[in-house]
1. Quote the relative contact order of the chain in percent (integer), defining contacts as alpha-carbon pairs under 8 Å separated by 6+ residues.
2. For the chain, with all protein chains present and a 1.4 Å probe, just round the carbon and sulfur fraction of the accessible area to a whole percent.
3. Taking the chain, how much of its Cα-Cα pair set, in percent, is spaced more than 36 angstrom apart?
4. Which longest uninterrupted range of the chain lacks any trypsin sites (Lys or Arg not before Pro) assigned by DSSP to a loop state (not H, G, I, E or B) and surrounded by at most 13 other Cβ atoms within 10 Å?
5. Kindly sort Tyr48, Tyr121, Tyr264 by accessible area of their heavy atoms, largest first, with the probe set to 1.4 Å.
6. Setting aside same-chain residues fewer than 8 positions from Lys173, which aspartates and glutamates have a Cα under 15 Å from its Cα?
7. Could you work out which residue, out of Gly146, Gly197, Gly49, moves most in a Gaussian network model of the chain, that is, has the largest mean-square fluctuation with Cα springs under 10 Å?
8. Just to confirm, what accessible area per residue do you get for the chain at 1.4 Å probe, in whole Å²?
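The values are calculated or read from the model by the stated rules, or taken from the named source; none is laboratory data. This is a predicted model, so every value here is computed, not measured. Positions of Cβ are backbone-derived with ideal geometry, glycine not excepted, and every protein chain shown enters the neighbour counts. All accessible areas refer to the heavy atoms of the entire protein, side chains included, with ligands and DNA or RNA removed. Shrake-Rupley method; radii C 1.70, N 1.55, O 1.52, S 1.80 Å.
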Amino acid sequence: MKILKRINNNTVICVNAKGRELVALGRGIGFPNSPDELTLDRVERTFYGVDARYLALLDEIDPQVMEFSAQIADIARSNISRELSPNLPFTMADHVAFAIKRCREHMFVQMPLSYDVQQMYPIEYKIAKFALEGINRGFNIKMPPGEASGIALCIVNSVVASSSKAKSNTVRKDDAMLEKFTKIIESELGVCVDRDGFDFCRYATHVRYLLERVQTGEPLNTDNGALYGPLCEQHPDVAVCVDRMAALIAERFGAALADEEKVYLMLHVNRVCAGSRP
């Protein structure tokens, strides 16, 4: 395979003999002085069709977490008949890395809709329970059982949507609302949001599912609403953003945004701002 671009010392973008681009992982394959031709015996893992925005994660995430998540993604593809996004190993790794960090820092967040996830997505939940056992064993931690629902939702959310749904009027309206939210962040916080970055992709996914929950009348039901007051005190400027977003939601859907939803929205806004330019 011919190396097109070196991401880091252990990651490169290649093109194979059939002309397909792929991401290849292997120890030392991306060193600056390594050959431009890569032999298969040096490659430990390959990914096809990955969105370029997710490649930044390869510099941020422990390679052990990345490999573990890729293995779980392989298991999901073998057991689920629907098409899953090629980005699943990366979104899974991002979720798992953050869950491990929270666990090690003794930050336990109640997972919403655990029972619903278990009942509606039994295969995904079974895979998630297996993954949770592997995380506890492989990373020497003890995660709460509820974390399985978050892992299951990573798999559920990776299902590739049909083109007809992607072009639906509802999706277009939600995308317009997402853009309004983003402009609120830029105007209130004085930042230029990088719409091509992974933090934005993560924030956009959250907003779309938030709007879906508002439309279906099934808001989050957790104990995390108690965090809203302290978060507002710590980040008053972000609270102003979220209040303006809540006002737009009330105007469009005639529904008030619960404190639980505001908590998660504030966390995502903070992450977007951290990766944005002043």
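1. Details: 345 pairs, mean separation 36.8, N = 278.
Reported as a whole number, the value is 13 percent.
2. Numbers: 7800 of 14860 Å².
Answer for the chain is 52 percent, counting heavy atoms of protein chains only.
3. Working: 7298 of 38503 pairs.
Taking all Cα-Cα pairs of the chain, the fraction more than 36 Å apart is 19 percent.
4. Numbers: sites that count: Lys18, Arg20, Arg27, Arg82, Lys142, Lys167.
Value returned for the longest uninterrupted segment is 168-278.
5. Details: Tyr48 80, Tyr121 60, Tyr264 40 Å².
Largest accessible area first, the residues go Tyr48, Tyr121, Tyr264.
6. Within the straight-line limit of under 15 Å, Lys173 reaches these aspartates and glutamates: Glu212, Glu251.
7. Residue with maximal mean-square fluctuation among Gly146, Gly197, Gly49: Gly49.
8. Numbers: 14860 Å² over 278 residues.
Ligands and nucleic acids excluded, the result is 53 Å² per residue.
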